[in-house]
Amino acid sequence: MTGENMLIFFLLAAAASGGALLLYRPGQNPLLYFLRAAALFFLLLFVWNPVFYENREKEIKPRLFLLVDASKSMENYFALADSLKNEILHDEKIRRKFDIQTFYFTGELKSRKPDTPGSSTDIGRALKQTETFFDNNQKNAVVIFTDGVHTKGKNYTNLITSPDVRIYPVVTGDTLRYVNLKIERVDYNDMVAKDNYFYIKAVLSAENTDKEIRTRFRITRNNKILHSENVILSPGRNFYKTEIKLQASTPGIQWYRLYLQPVEGEKNIDDNSKTLRIEVTEKKASVLILTGKIHPDAGLFKRILSRNKSYSVKVKKEWPENENYDLIIAVQPQTRQIERLVKSNIPVIWLTGKHTDWNTLNARNGLFERKTSTNLYEQYFAYENPDFRLFELEKLPENILPPLTDYFGNIVLKQEAEIPYYSQIKSQKTGMPLWVIFPRNKQAAVFGQGLWRWYVYESRYNKQNHIEDLIKKTAEFLLSKSGTRQLQLAYKKTYSETEPLQIRIFAYNIMMQPDPNAHISVTLKSPGKKTKKIPVFYEEPFFTADLGQLPPGNYRFNVTYHNYNITKSGYFEVKPVIPEKARTANLDQLRLLAENTKGKLFTPGRIDALKKLLTQSGEFKIFLRQYKTRSPLTHRAVWLFLFVLSISAEWFYRKYRGML
């Protein structure tokens, strides 16, 4: 009992004695005085209820998590995994050192073993859920019994980044390595014009091979073989690159299947095939490069735009009356050319320079004007507008691009415009546009000649495609149907039947600003040709259409932006979940998981080494945490009982003495 408590006891006793003096004198009635003083003392103790504090220590053990993979690929190893888990769980030394928790998983953690094996495995999700139980004040150990095969989720090897955890994978699966062929990567354009040729570039690979392998690679459409070639892979050359040229003959959506024939001894053939979806368009966009003055910039635009097989590009000095075009690039336009272009409703990119008829252009175009009173020329350098949002562009090269040349004078814009680049004269930023796009009018302008120097400069020194990206995206924007860029969709082309589907919808006003009040509707067409409306909700800065989970098949959908009467279509495929089957253990990824968390990989035969590491490692320490306990001297009822007993004894004694 503390000195403070002793003082309070003394004060309470003094108060009780003083209270008893009001009724009795110790010399005359010592027993009654004592009984009344005792009763008052016990009453005061009942009110105060004295407590005492005690310093204690508690052991804080490091945490050990035992995770057991319960998926289909582990079915033949369940008994082994449970046996290894129990061997660690019931080891007395480990139990004394660790606070142990056991879980089973296929994706989410379960406290008990599932009745049936899971059809898929998400090791990363199980590890992230385990992370929520970690004690951040000391090291945590995770022992995971798995074959390392995962069919869902993210790559689990680098998901856990906490320095306070060590992961020890125990490989419980088939550790024999079987040959595995794979279509590693496929590059292709998903849109091509009818009758045009297109390329499919594929990278094929072989894993775990110790001898030469011969197989065949095929491409089919509607079960018809379009291409077939022999493929030879070996330990020294386990990658094979091929490029196939095909012709798009039928308009519409075409499905191509790539297939790599399995070889003897191959157990996993899921990676041997891929399906490609290619849209074949009916016509090419017709582009005219109209030259008022022959200039290398015209050749640059022809070179870049001609690479897109969806464009038909011509260069002419005159625009024949009987020819129609979808886009015109006006290079240094002259009087007659300007007058005809202004009267047409065709998208135009104006390229001005030393030979431009600025008097006519200023008077007729209605979009911009260069105010100049001299015939002097100036060189204009480019600098970026950080607020440009019409489309994404590559960053300007670190070194300054060569300047463009045009008449000296201010540029005045007469319509709403988007400016990707402003101009500067030497080191002085002018705030005037160098490259400008008019979204409402579907026109653009470049105020200066010499773009070809940008291209040469980048090709020679920076190896960037900045000017190519700029020209392509400007042309693409102007060629797009009016306003179609105001509606943009984000979704995957392939989903699993167990995966929730969502389509993100970005709706913009005419100045490409998000429109939270947009009227959006979504309709989904299922493989059975049934159509249903999908509700959408706004979640800044986009709308979301939640489709939930859908059965396997190919689906199409339409999204309509009613404010501007814009409709876009899309498609996606829902693939069935392929039940897991026994596979070779993924030793490489499990080893990487251990290395990334400073753990160690173990096999079932080395379980004793794992137990020794856990019990002897200095990283996992037991800490003693000191704390105070607060306990009452006794229960309040005791003080109340003693009070009643004392006051009752006083009453009986008074009656015995005949006192009132």
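At-a-glance table
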{"read-out": "Any chance T132 is without any contact (Cβ under 8 Å) to a residue 12 or more places away in the chain and assigned by TED's automatic domain parsing to the domain that holds K600", "value": "yes"}
{"read-out": "Options F78, F145, F98: the member that is under 26 Å from K621 (Cβ atoms) and surrounded by fewer than 24 Cβ atoms within 10 Å (Cβ to Cβ)", "value": "F98"}
{"read-out": "Considering residues of segment 561-577 that are of a type outside the set (A, V, I, L, M), buried (at least 17 other Cβ atoms within 10 Å of the Cβ) and in a strand (DSSP E or B) only, the residue modelled with the highest pLDDT", "value": "Y561"}
{"read-out": "Complete set of residues in segment 601-619 that are touching a residue at least 40 places away in the same chain (Cβ under 8 Å), outside any loop (DSSP other than H, G, I, E, B) and of a type in the set (S, T, N, Q)", "value": "T615"}
{"read-out": "Subset tally (residues that are surrounded by 15 or more Cβ atoms within 10 Å (Cβ to Cβ) and closer than 13 Å to E264 by Cβ) for segment 207-221", "value": "3"}
{"read-out": "Helices (runs of 4 or more DSSP H) fully within segment 1-117 counting 1 or more residues that are modelled with pLDDT under 80 and closer than 30 Å to N586 by Cα", "value": "none"}
{"read-out": "Those strands (runs of 3 or more DSSP E) lying entirely in segment 354-448 with at least 3 residues over 23 Å from L478 (Cα atoms) and within 39 Å of the chain's Cα centre (by Cα)", "value": "none"}
{"read-out": "Those residues of segment 536-560 which are aromatic (F, W, Y) and out of contact with any Phe, Trp or Tyr (no Cβ under 9 Å at 6 or more places or on another chain), in sequence order", "value": "Y538"}
{"read-out": "Count of segment 460-501 residues which are out of contact with any Phe, Trp or Tyr (no Cβ under 8 Å at 6 or more places or on another chain) and modelled with pLDDT under 80", "value": "15"}
{"read-out": "Some residue of segment 35-48 being in contact (Cβ under 8 Å) with a residue 12 or more places away in the chain and farther than 20 Å from A649 by Cβ", "value": "yes"}
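The values are calculated or read from the model by the stated rules, or taken from the named source; none is laboratory data. Please read these numbers as outputs of a predicted model, since none were measured by experiment. No Cβ is skipped: glycine too gets one built from the backbone with ideal geometry, and neighbour counts run over all protein chains shown.
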